[in-house]
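Q: Okay, here's the structure, questions in a sec.
What follows draws every value from the coordinates through simple rules; no lab data is involved. Note that the structure is predicted; figures quoted are calculated from it, not measured. Reconstructed Cβ throughout: ideal geometry from the backbone, glycine too, with neighbour counts over all protein chains shown.
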Amino acid sequence: MSTSSSPAVRVGLVGYGSAGRGIHAPLLREAGLDVALVATSSAERAEAAARENPGARVVADLDAVLAVGDGPVRGGDGVDVVVLASPTGVHEEQVLACVAAGRPVLVDKPLAVDAAGAARCVRAARAAGVPLTVFQNRRWDDEQRALAAVLAAGEVGEVLRLERRWERWRPVPKERWRENATPAEGGGLLLDLHSHLVDSSVQLLGPVEAVYAEISAVLTPAEDMTFLALRHVGGARSHLSAVSAVGAPGPRTRVLGTQGSFVVVPFEGEVSGFAGVLDDEPGCTGWVVRGQERTPVPTPPGGHADLYRQVAAAVRGEGAWPVDPADAVATLAVLDAARASARTGQVVDVEVPSLAA
């Protein structure tokens, strides 16, 4: 166990856009880590980084972060872990740079633009003995933790199908790289949102063996209408949808089991056609439904900052890193198969690259 006299884990945060500023920095601060360096080439973002992270030094790029040396946990005054909140298209090269410098690294999902690139990162990190983990923060969602507890207790019986939707009413796309970059550069909903949706379904139902997918770009150059049907080892199915322009979003999550269903309706402010019927009660997330019988499910303790608390513990040698990067390789293998399925209209088997040296 760490003590109050233990030095704070110092972080080099690379990127201060919507992910770095809006997600990573607040969670790092909440978890008690020290945002010691922020890398951004934008003068406006540099000013915001200095203002919002008192004491942080702002530098231009990843090279400057890697040049500062080890952090206090490892006996220096630099950084203990690098957090990459940069665009997806540069994740692989930046991870490999961190590994070459011997720096523990957390990279925002997805680990790379495809499974082959992700496997190269994992093999390099293993060969060098450098810790590598991936920011799959949605494992710590209230609904994910609540559903895991429901399944562990057998409350819905055998799971037949998991349905999860990430549907937004965004008829005017945002002007940012995620919408305008090509898939090869990391743009589009398949890499962005399905990196979470697939990972979440695998955490609940196990590995995926085959995929059928429908993917198209309607309002943006990159994919903004995506549907994946997954067949898990053991026979359970997942239907995962991510769409940018849905005026009437469906229920966020619905799990069909032999003894009941689990339903979550509201999600991050989007209004569903089920609003007012199965709204969450205070202290509860979702419902177990059996016909007219409806039982609210308590929200388990915890949240997204727990991911970074685990990172801090791992840096100190007090626990495991929160996400095995091999999981990120498997997720990208599913997304690779989804692209192949969308091109051919056929069900495609998932082939996960070897991580052996």
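Q: Figure the gain on full extension for D70 and S354 (residue separation times 0.36 nm, minus the Cα-Cα span) and round it to one decimal in nm.
A: Between D70 and S354, full extension yields 99.1 nm more.
Q: Using Cβ contacts closer than 10 Å as the measure, can you line up V265, V288 from fewest to most?
A: Least crowded to most crowded, the residues run V288, V265.
Q: Just for the chain, what percent of DSSP beta bridges are antiparallel, to the closest 5?
A: 60
Q: Can I ask one more? In debye to the nearest 20, how big a dipole does the stretch 139-298 give about its Cα centre with +1 on each Lys and Arg Cβ and -1 on each Asp and Glu Cβ? Each step should come with its number before you reach the end.
A: Numbers: 16 positive and 22 negative charges, 44 e Å.
In debye, rounded to 20, the stretch 139-298 gives about 220.
Q: Among S341, S18, which comes first, second and so on when ranked by fewest other beta-carbon atoms within 10 Å?
A: S18, S341
Q: While we're on this one: Counting other beta carbons within 10 Å of each residue's own, what order do V81, V352 fall into, fewest first?
A: V352, V81
Q: Pull out a ≥ b ≥ c, the square roots of the eigenvalues of the alpha-carbon gyration tensor of the stretch 139-298, then state rounded if a/c is under 1.5, prolate if not and a/b is larger than b/c, and oblate in the remaining case.
A: oblate
Q: Further question on the same structure: Please compute the length gained on full extension between A148 and K174, using 0.36 nm multiplied by the number of residues separating them and subtracting their Cα-Cα distance. Let's see the in-between values first.
A: On the way: separation 26, 0.36 × 26 = 9.36 nm, distance 3.32 nm.
Once the chain is fully extended between A148 and K174, it gains 6.0 nm.
Q: Which ³J(HN,Hα) values, rounded to whole Hz and listed in residue order, are derived for the stretch 315-330 from phi using the Karplus coefficients 6.51, -1.76 and 1.60 in 6.51 cos²θ - 1.76 cosθ + 1.60 with θ = phi - 60°, glycine and proline given as x?
A: 4, 7, x, 10, x, 7, 5, x, 10, 5, x, 4, 4, 5, 5, 5
Q: Taking H as built 1.01 Å from N, whose amide H comes closer than 5 Å to the amide H of T182, not counting residues under 5 places away?
A: Here G187 satisfy the definition.
Q: Expected output is a single nm value to one decimal: the length gained when fully extending between Q346 and D63, i.e. 0.36 nm times separation in residues minus the C-alpha distance. What is it?
A: On the way: separation 283, 0.36 × 283 = 101.88 nm, distance 4.39 nm.
Extra length available between Q346 and D63 comes to 97.5 nm.
Q: For D77 paired with T295, estimate the spin-label separation in nm (one decimal), with each label point 7 Å from Cα along the Cα-to-Cβ line.
A: Label at D77, label at T295, 5.9 nm between them.
Q: Return the whole-Å distance between the Cα centroid of the stretch 64-121 and the Cα centroid of the stretch 138-210.
A: For the stretch 64-121 versus the stretch 138-210, the Cα centre distance is 24 Å.
Q: Using helices alone, what [θ] at 222 nm do you get for the chain, with -39,500 (n - 2.57) per DSSP H run of 4 or more residues, divided over all residues and rounded to the nearest 500?
A: -8500 deg cm²/dmol
Q: To continue, here is another question. Work out the length of the dipole vector of the chain about its Cα centre, built from +1 on the beta-carbon of each Lys and Arg and -1 on the beta-carbon of each Asp and Glu, and round it to the nearest 20 debye.
A: Dipole about the Cα centre, nearest 20: 160 debye.
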